[in-house]
Amino acid sequence: MNAHPTAPLRVLLCAALILLESGLGILPALLQQDPSVANAQRRRRPRYGYIEISSAVADAEIFINGELVGLTPMDKPIKVEAGQHTIKIVRPGYTPFLETVEVPPGRRPFLVEALMLPISGIFTIRTAPQGARISVDGRFIGQSPFNGEIDEGQRVLEIAAPGYKVHSVTMPVVGGESYELDVTLELQPEVEPFYTTWWFWTGVGVVALGTIVTVVVLSAEDEPAQNTGPPRIVLPLWEF
């Protein structure tokens with residue numbers, strides 16, 4: 001009795017399927033055992049992390065690796081590559097924050113708490129006239145218009161310009177606060193030259209008159225007596 005002609009073909013197909021299934025099963029294991037393949041897979045798969053910055057100081061500039069990424073407060077974490085990063089946060093009037101951190105991969109943010117202390121007030125000073133000298137506690141800090149910081153505490157601020165009265169004010173300076181000052185200096189009163197004053201010429205006239213009287217009297221005493229009457233004093237006419 002002859003066997004069905006398709007029976008051997010079915011056996012071969014079944015064997016091929018078994019071998020194929022076995023090969024597919026061991027293929028991932030073989031790939032994992034090859035270091036070059038594993039390294040290539042890791043290079044293709046990006047590793048990212050997140051940085052969350054907490055600071056009580058608003059409007060401070062945030063730099064990561066020297067690049068400005070935003071201002072405080074941040075509304076969401078900053079996405080960065082996993083690894084080491086340098087974080088710098090600055091704002092005028094406060095101590096700067098600087099720290100290097102290691103950010104792990106993953107979606108959980110790495111928290112950075114930035115402590116910044118107030119140390120100076122931020123001043124804008126305008127004067128009329130411009131170019132006036134500005135001093136704090138006797139120390140020259142610049143000319144107007146002035147934009148800069150003045151250390152916190154009780155300070156004596158002086159503004160001076162040639163031909164004008166010195167403007168002086170004592171004020172408390174609070175660290176982190178902003179101040180705007182507009183100062184109009186007062187002109188110095190003109191000093192009249194001494195030789196144009198009435199009292200100078202009055203004094204000159206009195207001295208001159210006394211000198212002339214003395215000379216005339218002495219001259220009269222030296223003349224020979226020609227009469228018995230009292231000596232005559234001749235006074236010149238002066239116009240004032």
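Within the set of pairs 6+ apart or on separate chains, which have a first residue in region 153-177 that is in the same structural domain as Arg126 (by TED's automatic domain parsing), a second that is aromatic (Phe, Trp, Tyr) and surrounded by 14 or more Cβ atoms within 10 Å (Cβ to Cβ), and C-beta atoms under 7 Å apart?
These pairs meet every condition: Gly176/Tyr94.
Please note which strands (runs of 3 or more DSSP E) are completely contained in region 62-119 and include at least 1 residues that are more than 20 Å from the chain's Cα centre (by Cα) and of a type in the set (Lys, Arg).
78-81
Among the residues that make up region 178-187, is at least one of them free of Cβ contacts under 8 Å to residues at least 12 places away in the same chain, surrounded by 14 or more Cβ atoms within 10 Å (Cβ to Cβ) and in the same structural domain as Gly138 (by TED's automatic domain parsing)?
Taking every residue of region 178-187 in turn, none turns out to be free of Cβ contacts under 8 Å to residues at least 12 places away in the same chain, surrounded by 14 or more Cβ atoms within 10 Å (Cβ to Cβ) and in the same structural domain as Gly138 (by TED's automatic domain parsing).
The values are calculated or read from the model by the stated rules, or taken from the named source; none is laboratory data. Just so you know, these numbers come straight off a predicted model, no measurement behind them. Quick reminder, even Gly has a Cβ in these numbers, built from the backbone with ideal geometry, and neighbours come from all protein chains shown.
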